[in-house]
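Input: a single structure, listed below in structure tokens.
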Amino acid sequence: MVEKSHTAGWMPNIYEPLRNISQRVADWFAPPSDASTVEDFYDINVELPGVKPEDVEVSIDDNSLIVRGEKRSEREEKGRSYFFSERQYGSFQRTFRLPPDSDNEKVEADYSDGVLNLKIGKKKPLQPQAKKITITRK
């Protein structure tokens, strides 16, 4: 496919750092996580330090697991001058596309020490069964 763009010629070098910036911003606000699998389930761990469990929502939509919530700021600013502040506050969302064999009816979530652990069950593979076909005479 040929694409016509205003960034043709020497201009792409100028615009290249801005390309995909929305994805970079989303990744910066997305909580770190890891995902693994064992025989019976998928295991996803999401780091949420300083986030209360009641401020987290987990849902499944169209075979995607969505973790969203908010880290609230509760610090007192009165009479205080900051040299720097690296702590992040605000809303976040992380979406995980689930494999076809995930069982959306078997999802467990627990929260401990700032880590949300999600276990998503796997569907049992269908066993092929032989089927006899009746032959009719015409």
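Which one of these does GLN88 not meet: (1) surrounded by fewer than 10 Cβ atoms within 10 Å (Cβ to Cβ); (2) assigned to a loop (DSSP other than H, G, I, E, B)? Among (1) surrounded by fewer than 10 Cβ atoms within 10 Å (Cβ to Cβ); (2) assigned to a loop (DSSP other than H, G, I, E, B), GLN88 violates only (1). Please verify whether ASP113 is under 20 Å from SER33 (Cα atoms) and modelled with pLDDT of 85 or more, treating the condition exactly as stated. Yes; evaluated as a whole, the condition is true for this residue. Looking across the range 92-108, the residues that are more than 14 Å from the chain's Cα centre (by Cα) and closer than 22 Å to GLU54 by Cβ come down to VAL107, GLU108. I'd like to check something: does the range 116-136 contain any residue that is buried (at least 16 other Cβ atoms within 10 Å of the Cβ), more than 18 Å from SER36 (Cβ to Cβ) and modelled with pLDDT of 85 or more? Checked the range 116-136: no residue is buried (at least 16 other Cβ atoms within 10 Å of the Cβ), more than 18 Å from SER36 (Cβ to Cβ) and modelled with pLDDT of 85 or more. Considering the range 59-69, the residues that are in contact (Cβ under 8 Å) with a residue 40 or more places away in the chain and crowded, with 19+ Cβ neighbours inside 10 Å include one that is farthest from ASP113 (Cα to Cα), namely LEU65. In the range 13-58, of all residues being modelled with pLDDT under 55 and not hydrophobic (A, V, I, L, M, F, W, C), the one that is nearest to ASP113 (Cα to Cα) corresponds to ASP27.
The values are calculated or read from the model by the stated rules, or taken from the named source; none is laboratory data. Bear in mind the structure is a predicted one, so any value in this text is a computation, not a measurement. Heads up, the Cβs are rebuilt from the backbone with ideal geometry, glycines too, and the neighbour counts pull from every protein chain shown.
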